[in-house]
Every structure is written in C-alpha cells, then in structure tokens.
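Data first, discussion second: the structure below is written as structure tokens.
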Amino acid sequence: MTAGGYFGRALVVDARAATASTLPLPDGLLRAYIGGAGLGTWLLHRLGPPGFHPLAPEAPLAFVFSPLVGTPLTTSAKFAVVAKSPLTGMLNDALASSHFAISGKLTGHDAIVVRGACSRPSVLLVDGAGARLADAADLRGLPAAEAERRLRDRLGGGWRVAAIGPAGERGVRYATISHDGRHAGRGGLGAVMGAKRLKAVAVRAAAKVAPADPQAVLAAARDLRARSFGPATAKYRQLGTLANLLAFNAIATLPTRNFQAATFSGAPQLAAEELAEMRTVTRSSCASCTIGCEHIYGARGGRRARVEYENVFALGPMCGVADPDAVLAASGRCDELGLDTISAGGTIAWAMECAERGLIDAPWLRFGDADAVLRALDEIGAREGLGELLAEGTRRASERVGGGSAAFALHVKGLELPGYEPRTMQAMALGLAVNSRGADHNRSGAYEADLSGEHDRLAGGQGHAAAAVETEDRAAVMDSLILCKFLRGVFTEPFGEWAALLSAVTGWDADGAELRRTARRIVMAKRVFNLREGWRPQDDWLPQRLLSEPLEVPSGRVAMLTPERLRRMIDGYYAARGLDGEGRPGRAALDDLQLS
Amino acid sequence: MSSSAGIVLAGGRSSRMGTPKAALEWHGSTLLRRTAGILSRVADGPVVVVRAPGQALPELPPQVEIVDDPREGLGPVQGLAAGLAAVASRADIAFVCSTDLPFLHPAFIRRVLRAGAEGADVGLPVARGHPQPLAAAYATALAPAAARLVAEGRLRPAFLFGECTVARLDEATLRGDPVLAALDPDLDSVLNVNEPADYQAARARPAPEVTIQRFGALADGHRGPLPARAATVAGAAAAAGVDLGAHVVAALNGDQITRDGQVPLAAGDTVFFLAADAGG
C-alpha cells in the first residue's frame, strides 16, 4: 500500500519516441529519499547512464514533487528539477514554487522524468490522458512568461506550464526553467530542457491523493500558518530577501566588483529600505505560501520588477552598478532571456575584470557601466559576440581566455558564487567548497553559523565544519519534503517537527533521528553521483582569489582565509560525514543508498 | 600561535571597597564581565580570569577561562605569574589588568599591546600621574621570571621591570594614537575604583556614547544612525527597541556577530542590528 501523499510511481517520458512508461516507486524507497531533491537524486542515479553528457539526449530531466505538495501546509507547493548540470557536470537540483507543483503531482505521479530529445521544438503535455508531445514552433524565441501565457491560452483552463526562454533554447549553460514568474534557477537546467527541444512542459491535474491523517495535517497547517506570521519571517514579509543588502554591506559580506571588495559604496541606493520608501511596491506570494516574500517594485518606464537579494547583488555590486533602475532592468532582462542572475552577473563581472586587465578585447565592458551589463546579457542570451564565450560560464570561459583569469573566476565546480563573501563568512566558505551542487547558498546554509554569534566568522575551525554539516543536512530534508527555507526559523526542533509533518501526511512513524539519517543519505547520494560522474578531490575547493587576498572588515580586523585553514575545515567536514581523506565514502554508506 | 591574550586579575581582597569588586554593577553589567568582555574584543587569543582559590565570580561568557591562583594574598606578581603561565603556549603577549576598570577602552589596549610588537617585554602606561602595571602589556615569556620573583618574596612589579625591557608609554605617547586620542582623550581607561566613593562616581557617569544602526525590518521606518548611550549590547538593543535573541543578532563595529546582550560597549562603538536569518 502506498503511503499517504504519494502515488508511488514516476512517469518516464521518452521524448524521442514520444512514449511514456511508469516507474514504480516502492514505499521503502520513498521513505529513504522522501521526494523533491532527495528522490530526484535517486532518479538520476537510476535513469542516467554513467558518464552521460548533460546535454545529450539520454540525459534525464526530472520534475520531482513531494508528499507535502497539495496539502494545506504553508510553502509546500514546491518542486525540484533535477538533472546533471551543463555548468558543473555534476548533480543539480533547482527548486521552485508554483501551481505547477500541485498540478504536476496531481497528474498522478511523484515525478515526471524526460529522456531523449524531440525532433523539433515541442511542448510536453501531461494530464489524465497520459503524456504526449505537441508542436511548439510558434513559441520559439519567446520569453518563458510569454510562452507560458500563449500555451495556457491555447490549451485552456487547468493547465500549468514550465517553460524556458531564448537562453535555454540556445544552450546557455546557466539558463533557467520558469513558471508563474518563478524560476528553477541555478545550474543551467533550462539548457538541458532546450537540448531536448522542449520549450515547455504543461501539466493538468487529473488525480487525487490524500494524506494519511487529514485532521493532523490540518492542525499542523494551522499551527504552521500562525507561526509563519511571527518574527522568524518578518524580514521576508516586510522587505523580502533584499533586506540582506545593507546589512551585508555593514558587516563586509557583500561581494563587490568580482569579489575584489566586500562593501559597496552604492549599496544604500540599491537597498530594500530605499526602494520601499521611494517606489511603489506590491507583495506577492508563491502558491500555498503565507509568508509572501516577493516584492515587486515600480521601475523606470512604468515597468514593474521582482527584486531578490541575489539578483541585485549579482547585477549591482558584483558588476559595480549602483543605479537601481539599471539593476531592475538587468534583472528583468534575465527573466526575459531565462538566465540565472547569479551566474550571469558573476560571469559578466569576471569578464569586466578580464577587460580591465586586457585579457579580452571588450573595451565597452567596464565595472559600473549599466549599459554594458545589459549589452552583455543580450549577447549571452543570443550567444553572439562576447556572449558566445560568456554563455559558457566563468570556469569554461577562463579556461579559454587563460592569462591567469582562472584565479579570479569565482566559481566552485563551475557554479558561480552567490552573494555571501566567504572570507568574512568562513563557515559558508566551507559550505560552498564541499557542496555537491557547487557554490550554492541554498544547499549549504552555513551562513547561519556565521551569523549565529556562536562561531568566529573570520576564523573558520572545527566548529564551523560541524555547523556546515548540520545546515546541509537541514537543507537536504527541507528540499525533499519540500518546505521553503524561509520558514526554517519557526522550527525549534526542526528534524522532530518535520518528522511529525511527514508522518501525518504519509502515515509513517518517522522521528527526528530517522530524518537525520535520511538527510545524510541524501547528501551522500548526491556526492556519490558526482563521484560516478568524474568528481575529483580538488573540486571541493575555493577560487584562488578567496585564498590569497585578505579583506578588512569595518572594525579594522583583517579577514584571511588561507588554504591551510580551508583544508582543515574540509578535513573536519569529511570526518563528520564519514568520508575518507579524499572525500570518498566507505562501503557501509554506499550500501545504505539503495542504488542497486 | 595567536599573538595576544587578555588576563584579568580578579583575586584582590577588595578590602577598601568592602565588597567584592568583581561583582559590582555598572550600567547593566558587572565590572568583571565588562573588563573580560573588553579584553575579548581585542585579544585574538585566550582571555583568562585569575581568581583566588575558591573565589566566587559573577557570570562570564563561556570562552573566558578561569585560572585559580595557587596562592592567595601574594599580590599582583603572583597573579601575573599564574595568568601568563596559563596563556604562554597560546599567545606571545598579554594585556593584564585588574577587574575594576569600567572605562577601559579597546583602543587603549590595542595601543599598549603594540609596545610588544615594537620589541619591548612590557608596555607600561604612565598615565594620570602613575605607572599602571595593572593596565599593561606583558610578554608571556616573562611567566617563569614572575614565578621566580614570587618564590623569592620579591612581590612588587618593579622587580620584574628590572629584569626586562620596559617601554614606558607616557600620556603624550598614548595620545599619539589618533584612535585612542579620539575615543579616550582623558585616558580614563586607567581609572580604577578602589573605594565606595570611586564606585559611586563611576556609576554617576553616563554609559558610553555609541551609534546604533538597524537594518531591514528592524529599522521600522527609522533608517540611519541612532546615537545612544549604552554600556552593553543589551542596552543598545533596549535603546533601539530591538528584541535581541533568536531572530535578531548584533554586529559590533561590523565585526563579530553576537546574541550576547552582555557584550560591553565602549565610546565610539557602532552596533548593527540585523536579522539572524540571512536567506537570500
């Protein structure tokens, strides 16, 4: 009998043959990986042939739902897109929130996996009648939001659409998949979809699934909803994630001009506090969310722009741009093209430094030049001019340009760094170095330790390693249940409370200890996938700039992250994870993964 | 090895005060908590409190180490020997002070410690008319010499100074440090409280002038710096109407993050309050 909240099966679509089959997902497997990022990792192991190219037809692209999707639990309308990243060559899971999650699950599947490539631009339709392909020639070149609108007009009521923009169609290695104005943003999964000539996936609900204990779920939902209005989420409700900007600037954790500084003189103009005071602002919520972190500001020309911290960091301070209208325009352009703002901004900032050093011939590309950022984005989206190089991301671009530019190519495993300065957040430095997805702030929330007051954020040590493990474990569970991480502050005993939610939905008798084991299994499964696909010990490392150039914080203290210190923290992390000195697991850990 | 440590000699008898000075309250904290906290803000190595055997101490932060002075009543050189020995393997130099310095400023400590970096074994301030051996910097390598002097019954700091290089830091020299001159122009750092009248005078002085900055939702429409008087982070939080704790942290001068309301503040400090959740 399938547990509550699950259908116990995945739909596996062969896009080349236009056929589909069902993959049973036994109860034990679901309990071991839950859903979302966890289940998606298992599916990649199972359905991806070893050594496959991320843009090859055989590459699986998995849309993975979770047991909590469709319940009244706040922030639970989320899904994970899981594939091998064309940017990193490693496992990538990108999460997003929208009605797509609910409708996708209610097609009657816990996951929809696409393999193979269509012969022409297509849209995949999945509903109660099964899966089928439809022509999408008329959608070519459209922004994802426009393609979504046209498809919904064409298909009629009840359909929900995830689509790619022009960047995904052209194989930009950090292209996104979008829906409801939200994005599965990191790692280039839009390029994976584009390589399959899939412009969109459309889903329509056709089935029902009930939780094991509806009353318990309802009571938990009421309780969680009430807590979601408390102080733990005030920042997100009142100003959104952009509230980070001024605070990060004050404590020298705001990466600026390609990580050449950690404070930005233009930060006050870009701050949420400033925008909220000077512009019209409306709040919006993802489906099934009571927090409502999304803030949409009025922009130049009567336009409106959704603003997040990472967008503003990457297209503002990282590129030296202080004009808020320019940053909002660049963010909007990324949405239209279907580009991950972090990787786009990071790659452009790297190119700006290359241009300043005379390593690339682009005299128009200078830090602080907002028009140059827009031109670079357009060229990336079109893969024209300099965009052909920059569409590859900083790692590949720096390998091609040479001249020592790899030293200031700010990526880990090929994924560009988010807006958290590792030298002044040294638990985060470790989290960025060892995480399976690469330099990522959502799979490793180790910055929580840096801001906890319990660790010296400027002097990483063994306590930081333990904290990085803990936050990574928490993320693994939240990304698999799935619950939004902006809710994390409301849980006082997170693993136990999450186990109670999961048990109410599924009928299992899970407890906090079991979920801790599950978290470790998921983290390990990601690492093992990467090992299978060519991960090397040196991939768990940070760019040279971060390990050789000190930073001064406002108090006058100098923050220095040395290779030796990072090595000690990594060794501590490996030991805590039960890995050997080169980051490889033992037999017992492998046996626990249920991969054979 | 870390370069600097902090040592608070808390084992005196407080006979003139009539009550243990370590536990005396000053603007929301105890003198010992404040002194140890000020040292912690500067030292990049251990901070230890040397106490008399069995001496009760007020609450201290967990990172502060407590060392029992093996013999009571032998004076500061005995405490100095015990304190330096406790940190010698982890620091090259230590700022050593008594517990009763409510106006001790981090800038003063930094300036005095610099004497060690300039080659002296002891950085000895001479301020407000007196040498200040209990607000001075000592090379930790002096621990054996201090212990030997105690064993020989030579219990005055002057005997130690006779055996090492001493940089005497007069007031002009101290004020030559522009940061110290700006933040502690009268060198109140060396003002100690020995008698009830001293203590009452110290209590009558206001808490240090600091600047508060709130970010994000905490600003609540009050952007920009807020001048206030507060001797602790908790005092600053109260002045700003901020609920320091699970969801709010403080960053002192843009440096370390803390949820500890007892972290002491000094004149010129800026306290940032920000959301503990930095999700982006």
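Things to note:
- Within the stretch A:305-322, being in contact (Cβ under 8 Å) with a residue 60 or more places away in the chain and within 11 Å of chain B (Cβ to nearest Cβ) holds for A:E308, A:Y309, A:E310, A:V312, A:F313, A:A314.
- Here the stretch A:541-579 is the region considered, the condition is being β-branched (V, I, T) and surrounded by fewer than 20 Cβ atoms within 10 Å (Cβ to Cβ), and the residue that is modelled with the lowest pLDDT is A:V558.
- Among the residues of the stretch A:440-450, at least one is among the polar types (S, T, N, Q), in contact with an Asp or Glu (Cβ under 7 Å, 6 or more places away or on another chain) and either modelled with pLDDT under 95 or farther than 30 Å from A:E493 by Cα (or both).
- The set of residues in the stretch A:238-272 that are at the interface with chain B (Cβ under 8 Å from one of its Cβ atoms) and in contact with a strand residue (DSSP E or B) (Cβ under 6 Å, 6 or more places away or on another chain) comprises A:A247, A:A250, A:I251.
- Counted residues, the stretch A:123-137 - those being in contact (Cβ under 8 Å) with a residue 24 or more places away in the chain, more than 14 Å from A:A162 (Cβ to Cβ) and part of a strand (DSSP E or B): 5
- Counted as qualifying within the stretch B:211-280 are the strands (runs of 3 or more DSSP E) with 2 or more residues that are under 18 Å from A:T253 (Cβ atoms), namely B:248-252, B:270-275.
- Looking only at the stretch B:226-250, and only at residues there that are within 11 Å of chain A (Cβ to nearest Cβ) and surrounded by fewer than 16 Cβ atoms within 10 Å (Cβ to Cβ), the one that is farthest from A:A559 (Cα to Cα): B:D243
- The one condition in (1) more than 25 Å from B:D44 (Cβ to Cβ); (2) modelled with pLDDT under 95; (3) outside any loop (DSSP other than H, G, I, E, B) that B:A172 fails to fulfil: (2)
- Within the stretch B:163-177, not a single residue is within 16 Å of B:P76 (Cβ to Cβ), among the aliphatic types (A, V, I, L, M) and without any contact (Cβ under 8 Å) to a residue 24 or more places away in the chain.
- Just so you know, in the stretch A:10-22 the residues that are part of a strand (DSSP E or B) and either within 26 Å of the chain's Cα centre (by Cα) or of a type in the set (K, R) (or both) include one that is surrounded by the most Cβ atoms within 10 Å (Cβ to Cβ), and it is A:V13.
- The number of residues in the stretch A:332-368 that are under 18 Å from the mean Cα position of the chain (by Cα) and of a type in the set (G, A, S) comes to 5.
- Considering the stretch A:222-234, the residues that are in a helix (DSSP H, G or I) and within 21 Å of A:A276 (Cβ to Cβ) include one that is farthest from the other protein chains (Cβ to nearest Cβ), namely A:T233.
- Restricted to the stretch B:184-225, and to residues there that are in contact with a Ser or Thr (Cβ under 9 Å, 6 or more places away or on another chain) and within 26 Å of B:L274 (Cα to Cα), the residue that is nearest to the other protein chains (Cβ to nearest Cβ) is B:Q213.
- Which listed residue is farther than 17 Å from A:D540 by Cβ and surrounded by fewer than 24 Cβ atoms within 10 Å (Cβ to Cβ), from A:G403, A:G419: A:G403
- Residue within the stretch B:143-158 that is closer than 19 Å to B:V8 by Cβ and within 21 Å of the chain's Cα centre (by Cα) present: yes
- Candidate set: the stretch B:251-280, residues that are among the hydrophobic types (A, V, I, L, M, F, W, C) and more than 8 Å from chain A (Cβ to nearest Cβ); chosen: the one farthest from B:I212 (Cα to Cα): B:V263
- Among residues of the stretch A:369-390, those that are surrounded by fewer than 24 Cβ atoms within 10 Å (Cβ to Cβ) and under 27 Å from the mean Cα position of the chain (by Cα), counted: 13
- Among the residues making up the stretch B:121-142, those that are outside any strand (DSSP E or B) and within 19 Å of B:D44 (Cβ to Cβ) are B:T140, B:A141.
- Boolean, A:G461 is more than 25 Å from A:D511 (Cα to Cα) and more than 16 Å from the chain's Cα centre (by Cα): yes
- Restricting A:L87, A:L124, A:L133 to residues that are surrounded by fewer than 23 Cβ atoms within 10 Å (Cβ to Cβ) and closer than 16 Å to A:L61 by Cα narrows the list to A:L133.
- Output for the stretch A:547-583, where each listed residue is charged (D, E, K, R) and closer than 30 Å to A:A250 by Cβ: A:E549, A:E552, A:R557, A:E564, A:R565, A:R568
Yes/no matrix, rows are residues, columns are (1) away from chain B (no Cβ under 14 Å); (2) at pLDDT below 95; (3) surrounded by 24 or more Cβ atoms within 10 Å (Cβ to Cβ); (4) farther than 29 Å from A:D378 by Cβ:
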site	(1), (2), (3), (4)
A:A137	yes, no, no, no
A:V172	yes, no, yes, no
A:A175	yes, no, yes, no
A:G190	yes, no, yes, no
A:M193	yes, no, yes, no
A:R204	yes, no, no, yes
A:Q215	yes, no, no, yes
A:A220	yes, no, no, yes
A:Y236	no, yes, yes, yes
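- Taking the stretch A:532-547 as the range and being part of a loop (DSSP other than H, G, I, E, B) and free of Cβ contacts under 8 Å to residues at least 60 places away in the same chain as the test, only A:R536 passes.
- Where a residue in the stretch A:548-565 is free of Cβ contacts under 8 Å to residues at least 60 places away in the same chain and within 14 Å of chain B (Cβ to nearest Cβ) and its partner, wherever it lies, is part of a loop (DSSP other than H, G, I, E, B) and of a type outside the set (G, A, S), with Cβ under 7 Å and at least six apart: A:S555/B:N253; A:S555/B:D255; A:V558/A:P550
The values are calculated or read from the model by the stated rules, or taken from the named source; none is laboratory data. As the structure is a prediction and not an experimental result, all values here were calculated from the model. We place every Cβ from the backbone using ideal geometry, glycine too, and count neighbours over all the protein chains shown.
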